[in-house]
Amino acid sequence: MLQLPPAINRLIGQAMHDYQMLAEGDRVLIAVSGGVDSLVLAALLKLWQEKAPISYTIEAIHLDMGFAADMDLLVDKQLAKTHVPYEIMPTTIGKDAFERENPSACFHCARNRRTKLFNLARDKGCTKLALGHHKEDIIETFFINLFYGGNLSTMLPRQDLFNGNLALIRPLAYLQKNQVQELAELFGFSPVANPCPLSGSTKRQSVRQMMGTLYQEDDKLMNTIFAALSNVKTDYLLDRSLHHKENLEK
């Protein structure tokens, strides 16, 4: 059996334990985009399946977003390396969103892809939907929501939905991108280029570049920000509803 680097294996195990990501009898649907993050996730859950003290089933799904005719073949070749049962499903989700030709194209694309995954998970009787987001993704999402959404929120390592019938899990949540890349090389994955015409020019890419500059200036900053997301002092955030409540009680 392939051995993971001990430090990386420990972080994955810690995330799994902290957020109770897997349970006996789970049916897990793994969303694979074609990037190395989600491919690594599929391979890890397969590896974990072989050594875990619990029994769960896994299958992977790749939604072809409708941009490139040869996308299926490229992803198929990489997915086969994971040894996870998988399905490649053609859609026009990305193409349809892009043809809207407005600033909300990325929002509509992401929302419709997420809805499709939720529906597939439900139809397949899955209890968990596994996504390949890592530590930088979680931090970037916080700043995207702060700068462009006007709220303080981010992705959760585990998020229970639909009255607990489905949980989103992110087993790579404690890993940095370079650690995911290390695993990609270990498993022999090659990323499939994102065919979206807007790839590289999104708000996420802008935030990623900004954060990359800050990380270079302070190598402890990433872990400090990530820790801060679990150390929220709500008493020191603006809350107008609380102020109005106090006035009503006078």
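The set of residues in region 62-79 being touching a strand residue (DSSP E or B) at 6+ places or on another chain (Cβ under 7 Å) and within 26 Å of Q176 (Cβ to Cβ) consists of H62, V75, L79.
Filtering region 80-94 to residues that are out of contact with any strand residue (DSSP E or B) (no Cβ under 6 Å at 6 or more places or on another chain) and more than 14 Å from A43 (Cβ to Cβ) leaves T92, I93, G94. L131: surrounded by 14 or more Cβ atoms within 10 Å (Cβ to Cβ), modelled with pLDDT of 90 or more and touching a Cys at 6+ places or on another chain (Cβ under 9 Å), yes or no? Spelling it out, it is not the case that L131 is surrounded by 14 or more Cβ atoms within 10 Å (Cβ to Cβ), modelled with pLDDT of 90 or more and touching a Cys at 6+ places or on another chain (Cβ under 9 Å). On the given criteria, is N178 over 18 Å from W48 (Cα atoms), among the polar types (S, T, N, Q) and surrounded by fewer than 14 Cβ atoms within 10 Å (Cβ to Cβ)? Yes, satisfied. Within region 191-210, the residues that satisfy the criterion of being surrounded by 14 or more Cβ atoms within 10 Å (Cβ to Cβ) and either of a type in the set (G, A, S) or under 18 Å from A68 (Cα atoms) (or both) are P191, V192, N194, P195, C196, L198, S206.
Elements of the type strands (runs of 3 or more DSSP E) sitting completely within region 1-119 and holding at least 2 residues that are over 17 Å from the mean Cα position of the chain (by Cα) and over 25 Å from I138 (Cα atoms): these cover 86-90. The residue that is surrounded by the most Cβ atoms within 10 Å (Cβ to Cβ), among those in region 110-124 that are over 13 Å from F162 (Cβ atoms) and either among the β-branched types (V, I, T) or in contact (Cβ under 8 Å) with a residue 60 or more places away in the chain (or both), is L120. When the residues of region 213-242 are filtered to those that are surrounded by 10 or more Cβ atoms within 10 Å (Cβ to Cβ) and over 30 Å from K177 (Cβ atoms), the one that is modelled with the highest pLDDT is D239. Close Cβ contacts (under 8 Å, 6 or more residues apart or on different chains) running from residues in region 73-100 that are surrounded by fewer than 18 Cβ atoms within 10 Å (Cβ to Cβ) and of a type in the set (D, E, K, R) to residues that are at pLDDT 90 or above and outside any helix (DSSP H, G or I) comprise D76/I88; K81/G188; K81/F189; E87/E59; E87/A60; E87/I61; E87/H62.
Run down L161, L168, L172 and say which single residue is in contact with a strand residue (DSSP E or B) (Cβ under 9 Å, 6 or more places away or on another chain) and either within 19 Å of F226 (Cβ to Cβ) or exposed (fewer than 12 other Cβ atoms within 10 Å of the Cβ) (or both). So that I can check it myself, show each step before the final result.
Values: L161 fails: either within 19 Å of F226 (Cβ to Cβ) or exposed (fewer than 12 other Cβ atoms within 10 Å of the Cβ) (or both); L172 fails: in contact with a strand residue (DSSP E or B) (Cβ under 9 Å, 6 or more places away or on another chain).
The unique qualifying residue is L168.
Among the residues of region 1-34, those identified as of a type in the set (G, A, S) and either surrounded by 18 or more Cβ atoms within 10 Å (Cβ to Cβ) or touching a helix residue (DSSP H, G or I) at 6+ places or on another chain (Cβ under 6 Å) (or both) are A15, A31, S33, G34.
The values are calculated or read from the model by the stated rules, or taken from the named source; none is laboratory data. As the structure is a computational prediction, the values presented were derived from the model and not from experiment. Heads up, the Cβs are rebuilt from the backbone with ideal geometry, glycines too, and the neighbour counts pull from every protein chain shown.
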